[in-house]
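Here the structure comes first, spelled out in structure tokens, and everything after it is commentary.
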Amino acid sequence: MRKRLTRQTTIDGAIAYADEHGIDALSISALARHLGVAAPSLYVHLPGGLRDLRIALSVKGHRDLADRCRRAATGRSGADALRALAHAQRAYAREHPALYAATTFAVDGYDDDEVRTAADEAAAVTTDILAVGALTGAARVHAARGIRSAVQGFCALEAAGLFALRVSVDDSFAWLVDALVTKTMEATALSTGATAVWESGPQPT
């Protein structure tokens, strides 16, 4: 007996399909075939069709990533917290390729208030860590964006299989993270000027 279709089972099916075939292969017709239903039945749960589906995946991806990174950084400070965050982001990208890819939809024509709120929540984990140090205002945002962009770019290239296997990809990622952390420590003086431990959840700045 086929499982009753709900919005949640539809989204779960989309995640499973995109993990196997890639996020770009996801469409309403492909998802309907995957779930064994007629395509029009999906619009009961996704009135906006593919746009609604991509928004749902993007929101879930951002929120899950924020939770993963926040838990990794909890109880750590400075360089240790930044390293834990970077490695948690890469681990999430490897374990949940579809949802991680969906986090790019916010800048790819699928932005709405819910996506923006979820994206801000994910970005806030890095800025909250940096808030412990001396860096303030725009400089803190620049540092957070730089870290996020570098890690995101590495994960995207790794997912696309564009790294040669002659050299350890893990070692390359560790090198990147060390370089990012070193630069950030120099800019924020976190290593010498702040000792507070990052707890959890957005911190006041």
In degrees, nearest 10, the alpha-carbon axis of helix 169-188 is tilted away from the dominant principal axis of the alpha carbons of the chain by 50
Placing +1 on each Lys and Arg Cβ and -1 on each Asp and Glu Cβ in the chain, then taking the dipole about the Cα centre, the residue among 103, 87, 15 whose Cα reaches farthest towards the positive end is 15
Helix-only [θ] at 222 nm, the chain, -39500 (n - 2.57) per DSSP H run of 4+, per residue, nearest 500, equals -22000 deg cm²/dmol
Quick calc of log₁₀ I(q)/I(0), segment 61-156, Debye, one scatterer on every Cα, no solvent, q values 0.15, 0.21 1/Å, result -0.55, -1.09
Note to self: with every protein chain in place and a 1.4 Å probe, the chain gives an accessible area per residue in Å² of 52
With +1 on the Cβ of every Lys and Arg and -1 on the Cβ of every Asp and Glu, the dipole magnitude of the chain about its Cα centre, in debye rounded to the nearest 20, is 360
Among trypsin sites (Lys or Arg not before Pro) in segment 140-188, those in a DSSP loop whose Cβ has at most 15 other Cβ atoms within 10 Å are 166
With +1 on the Cβ of every Lys and Arg and -1 on the Cβ of every Asp and Glu, the dipole magnitude of segment 55-106 about its Cα centre, in debye rounded to the nearest 20, is 80
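Tell me, what is the percent relative contact order of segment 1-134, built from C-alpha pairs under 8 Å that lie six or more residues apart?
27
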Counting every C-alpha pair in segment 1-100, the percent lying more than 19 Å apart is 48
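The values are calculated or read from the model by the stated rules, or taken from the named source; none is laboratory data. These numbers come from a predicted model, not from an experiment. Virtual Cβ from ideal backbone geometry, glycine too; neighbours counted across all protein chains shown. Just the protein is used for accessible areas: all its heavy atoms, side chains included, with ligands, DNA and RNA removed. Shrake-Rupley method; radii C 1.70, N 1.55, O 1.52, S 1.80 Å.
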